[in-house]
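Please read the structure below before turning to the comments.
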Amino acid sequence: MDPERVRVEIDAHVATVTLVRPEKHNALDRRMFDAIVQAAVHVAAHPGVRAVVLHGEGRSFCSGLDVTSGFSSEDGVGGADAILLGEVPNPFQRVAYDWVRLPMPVIAALHGNCLGGGLQIALGADIRIATPDARLSVMEVKWGLIPDMSITQTLPRLVGIDVAKELTFTGRVFSGEEALRMGVVTRVSEEPLSAALELAKEIANRSPDAVRGAKRLFDQSWNAPADVGLRLEAETQRKLIGSPNQIAAVTAGLTKQAPAFVDPEPDQV
């Protein structure tokens, strides 16, 4: 991992992932792309992480692609040489979509600029908390490009397809308050990092089996036929009932004592 681009701190089952290029509003250069992917892999492989908070140091969450870094198609943005096998065909898509693929919930704390690729990274989180005056934009059209960091798998889940198109066609900047009204963010807060950490700690006190199962349930059943979603509900619940962590949750609820959960084996992204 590159500590000059991303810092990961793990405490009390919560991983805080911080983008640390504040002098550039955490703009995405090659090193930042690599470091974000490495951070997601590190969090997935670390035992005991039950929730993740993703935020940016300094004045912004992430201002998007650093256009002064000299990216080209050969670097992987639509380049044939960058095509990989598997679910995510382009390495630059991983900086956003790896957060979707993490088994535990991810909460993005947004402030300042959250533009272009920065917004697509935030959309990979399960929950977004933004300052009312945060500046968000699907900005790629400004550079004659389309958003290609997994936005097809994230934004249409949150807003109508017409809203997704309008934001993409215009590249206009909208505030955290408007993002809340549209459904792009979950809620607003003057202190989004504090709010995100508080929420992450609350989630971390729940059964990690139940939380991971719920994330998997929603992600895999979204836009799937009813029989697929209902079958997954039943299968997930059957595995939870009577399991050690489910019994620990019931015991904690009845005795008012802190639950003693056993964390699942680390995953791999």
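Worth a mention:
- Only DSSP H runs of four or more residues enter the estimate; each adds -39500 (n - 2.57), and after division by the residues of the chain the mean residue ellipticity at 222 nm equals -12000 deg cm²/dmol.
- Each Lys and Arg Cβ is given +1 and each Asp and Glu Cβ -1; about its Cα centre, the chain then shows a dipole of about 520 debye.
- Checking (1) 19.2; (2) 20.2; (3) 21.1 against Kirkwood radius over Cα pairs in Å calculated from these atoms, the matching label is (1).
- Taking Cα centre as origin and charging only the Cβ of basic (Lys, Arg, +1) and acidic (Asp, Glu, -1) residues, the dipole magnitude of segment 101-170 rounds to 100 debye.
- GLU198-ILE10 pseudo-label distance in nm [points 7 Å out on the Cα-to-Cβ vector]: 2.7 nm
- Computed magnitude of the charge dipole of segment 171-267 (debye, nearest 20; Cβ of K, R +1, Cβ of D, E -1): 240 debye
- Dipole-positive endmost among VAL185, VAL17, GLY116 within the chain (Cβ charges, Cα centre): VAL185
- Positive-end residue, segment 207-255 charge dipole about Cα centroid, Cβ charges, pick of LEU254, ALA234, ASN223: LEU254
- Tensor-based shape of segment 207-255 (alpha-carbon gyration tensor, a/c under 1.5 rounded, otherwise prolate or oblate): prolate
- Per residue, the average separation of C-alpha pairs within less than 8 Å and at least 6 apart gives the chain a relative contact order of 18 percent.
Just so you know, all these numbers are worked out from the coordinates, no wet-lab data involved. Please read these numbers as outputs of a predicted model, since none were measured by experiment. Quick reminder, even Gly has a Cβ in these numbers, built from the backbone with ideal geometry, and neighbours come from all protein chains shown.
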